[in-house]
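Chemist: Quick one: the structure is below, and I'll ask about it shortly.
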Amino acid sequence: MDRLHIKGGAQLNGRIPVSGAKNSALKLMVACLLTDQPITLTNMPNLADTRFLAQLLETLGVEVYWPKGESTCHLNAAELKSTIAPYDQVRKMRASFNVLGPLIARSGHATVSLPGGCAIGARPVDLHLQALEAMGADLRVEQGYVKAAAIHGLKGAHINFAMPSVGATEHAMLTATLAQGVTVLENAAREPEIEDLANCLNSMGARITGAGTSKIRIEGVETLGGTTHAVMPDRIEAGTFAMAAAAAGGDVTLEGAPVAALGAMNAKLREAGVTVEADEEAGTLRIVRNGSRLKSVSVSTQPHPGFPTDLQAQFMALMSLADGTSIIRETIFENRFMHAPELSRLGADITVRGQEAVVKGVPQLTAAPVMATDLRASVSLVIAGLAAEGETVVNRIYHLDRGFERLEEKLNACGASIERRSEDED
Ligand code: UD1
């Protein structure tokens, strides 16, 4: 198993290119199931998660041409050879569950394992299932699998989500493109990745309006065609690098950044005393912190356009170095503070009380061996390690590889000292 050895204390200076968004890429890949025509996705991030989904799609019969290291992925679901998504392939990554609706829409039936994913709370799929049922799918849960059929085809429906869910909104939107009649999604999630998916589906011939707002209207069509679509840049990766620069100090410019999607984070960084120069037109975000200590700022995670839960762990790492006390509230997931005890091993002063973490800033963190527990938590340890005194070792970094492309290469190009070693090398 690989681990990262991080020598802390160096400032970060330079430019970092932002990769395509993992969370968008995963749903865009699933869209290929809705057509027998080829789909080409550019700006694809090479990640464990996207490669993993490609394997699941191959199991279903999709021809995937995506040479290692390349950012263009060709998908062709001309003929599906299976409508079964097995446990082993779905449990590792929750987004795989989104094949269910598209398989029903395309083939009339499907059997898909219930998902696993990051260990950050219960994460049920009830909203996904309610939406599919509203569209006329007949669902049974048996032995950990959802067995679904729509004998009379899928029909448009009026769906009012009990809470905004990114996954359920995308799942319902994908499925409704081929349902008969009009589907309206209310209290839909508004994350930018949903807009990216809608743009791609519309370029395939779908009729979707309102994506990016809480009311989405989808007029079903008979068939969808092929397309070429560029995956939007990753706002979570960009936000992570911004916080790494703020924690380590220095002057970093992010290139190809989804600036408009990062408003909530930029506001919090500015409050903390970081200089943030956002140029929406150029797609650049410049982060500067020289000398002065960070100020403590409280934050509460919210659905978009609020502060993203996927940046909460990174922000906690940053606040552990700030002057004063900050309260970090997690409102999206109930068990997303697993990084807190690990950050404490580096000298952070954090007390978790239910959905709140009280972070008393310390002037300096010190290196220690730590353990990655989930995707975003692991990168918060990297951020803390960059600012800590001494050599921090982050274990179990397979979590990191699920969602960050060439992380150490990008940071090292700006002056960080991060080395990947396998256990056998120690
Ligand atoms: C997506 C992102 C993830 C991000 C999250 C919130 C992907 C691949 N992942 O996850 O990185 O942290 O959005 O921005 O895009 N819920 C239910 N029932 C459901 C579905 C969700 O109760 O059927 C709950 C969840 O447990 C959670 C909340 O709704 O408490 C939000 O989850 P959701 O927006 O669905 O997150 P994901 O789509 O899983």
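Chemist: Can you give the FRET efficiency to the nearest 0.05 for residue 353 and residue 126, using r as the Cβ-Cβ distance and R₀ = 30 Å?
Modeler: My answer for the efficiency is 0.60.
Chemist: What is the packing order of peptides 317-324, 288-295, 271-278, 367-374, taking the mean over residues of other C-beta atoms within 10 Å and listing the highest first?
Modeler: Packing proxy ranking, top to bottom: 317-324, 367-374, 271-278, 288-295.
Chemist: Assign unit charges at the C-beta atoms only (+1 for Lys and Arg, -1 for Asp and Glu), then state the dipole size of the chain relative to its Cα centre in Debye, rounded to the nearest 20.
Modeler: Result for the chain is approximately 620 debye, rounded to the nearest 20.
Chemist: I would also like to ask the following. Please report the spacing between the Cα centers of the stretch 390-409 and the stretch 1-57 in Å, no decimals.
Modeler: 15 Å
Chemist: Using only the alpha-carbon atoms, how far is helix 48-60 inclined from the longest principal axis of the chain? Give it as 0 to 90 degrees, nearest 10.
Modeler: Result, in degrees: 10.
Chemist: Long-range amide H contacts for residue 413: which residues qualify at under 5 Å (H placed 1.01 Å from N, peptide plane, sequence gap of 5 or more or a different chain)?
Modeler: none
Chemist: While we're on this one: Kindly report the accessible area of the chain per residue (heavy atoms of protein chains, probe 1.4 Å, no ligands, DNA or RNA), in Å².
Modeler: 38 Å²
Chemist: Show me 209-217, 66-74 ranked by packing, highest mean number of other Cβ atoms within 10 Å first.
Modeler: Highest-to-lowest ranking by the protection proxy: 209-217, 66-74.
Chemist: Explain nothing, just compute: Karplus ³J(HN,Hα) = 6.51 cos²θ - 1.76 cosθ + 1.60, θ = phi - 60°, for every residue of the stretch 366-375 in order, whole Hz, x for Gly and Pro.
Modeler: Whole-Hz 3J(HN,Hα) from phi for the stretch 366-375: 10, 4, 6, x, 9, 10, 6, 10, 8, 4.
Chemist: Using the C-alpha gyration tensor of the stretch 22-230, what are the square roots of 5 times its eigenvalues, in whole angstrom, with the largest one first?
Modeler: One finds semi-axes of 22, 19, 17 Å for the stretch 22-230.
Chemist: Between residue 214 and residue 63, how high is the FRET efficiency from 1/(1 + (r/R0)^6) when r is the Cβ-Cβ distance and R₀ = 56 Å? Nearest 0.05.
Modeler: 0.90
Chemist: Next up: Residues in the stretch 275-294, backbone N under 20 Å from the label point at residue 255 (7 Å along the Cα-to-beta-carbon vector): list them, ranges by number please.
Modeler: Residues 277-288 qualify, since their backbone N sits under 20 Å from the label point.
Chemist: Given the peptides 144-154, 161-171, arrange them by the average over their residues of other C-beta atoms within 10 Å, most packed first.
Modeler: 161-171, 144-154
Chemist: Could you tally up the Lys pairs in the stretch 22-230 with alpha carbons closer than 20 Å? Skip any pair fewer than 8 positions apart unless they're on separate chains.
Modeler: Final tally of qualifying lysine pairs is 8.
Chemist: Right, next: With the full set of protein chains in place, find how many percent of the accessible area of the stretch 22-230 is carbon and sulfur; take the probe as 1.4 Å.
Modeler: On the stretch 22-230, the fraction of accessible area on carbon and sulfur atoms equals 47 percent.
Chemist: Still on this model: Which lysines have a Cα less than 18 Å from the Cα of residue 360, not counting those fewer than 8 places away in the same chain?
Modeler: Those lysines meeting the cut-off are 268, 295.
Chemist: Quick check: at a probe of 1.4 Å, how many percent of the accessible area of the stretch 311-407 sits on carbon and sulfur atoms?
Modeler: On the stretch 311-407, the fraction of accessible area on carbon and sulfur atoms equals 49 percent.
Chemist: What angle do you read, to the nearest 10 degrees and between 0 and 90, between the alpha-carbon axis of helix 235-248 and the longest principal axis of the chain?
Modeler: That helix lies at roughly 0 degrees to the long axis.
Chemist: Explain nothing, just compute: Karplus ³J(HN,Hα) = 6.51 cos²θ - 1.76 cosθ + 1.60, θ = phi - 60°, for every residue of the stretch 135-151 in order, whole Hz, x for Gly and Pro.
Modeler: Coupling constants for the stretch 135-151: 8, x, 7, 9, 10, 9, 9, 9, 6, x, 10, 9, 9, 10, 8, 9, 4 Hz.
Chemist: In 10 Å bins starting at zero, report the fraction of Cα pairs in the chain per bin as a rounded %.
Modeler: 5, 22, 31, 24, 14, 4, 0
Chemist: Could you pull out every one of the aspartates and glutamates with an alpha carbon less than 13 Å from that of residue 410, ignoring same-chain neighbours closer than 8 positions?
Modeler: Straight-distance partners of residue 410: 237, 255, 419.
Chemist: Antiparallel DSSP bridges in the chain: what percent, to the nearest 5?
Modeler: The antiparallel proportion sits near 70 percent.
Chemist: Then there's this: Would you please give the residues with an amide H less than 5 Å from that of residue 334, counting only those at least 5 places away or on a separate chain, with H modeled from the backbone geometry?
Modeler: 122
Chemist: Could you tell me how many degrees, from 0 to 90 and to the nearest 10, lie between the Cα long axis of helix 166-176 and the main elongation axis, the longest principal axis, of the Cα atoms of the chain?
Modeler: Taking Cα atoms only, the helix is inclined about 20 degrees.
The values are calculated or read from the model by the stated rules, or taken from the named source; none is laboratory data. Remember, it's a predicted structure, so these values are computed and weren't measured experimentally. A quick note on method: Cβ atoms are made from the backbone with ideal geometry, for glycine too, and the neighbour counts reach across all protein chains shown. Keep in mind that these areas ignore ligands, DNA and RNA; they rest on the heavy atoms of the full protein, side chains included. Shrake-Rupley method; radii C 1.70, N 1.55, O 1.52, S 1.80 Å.
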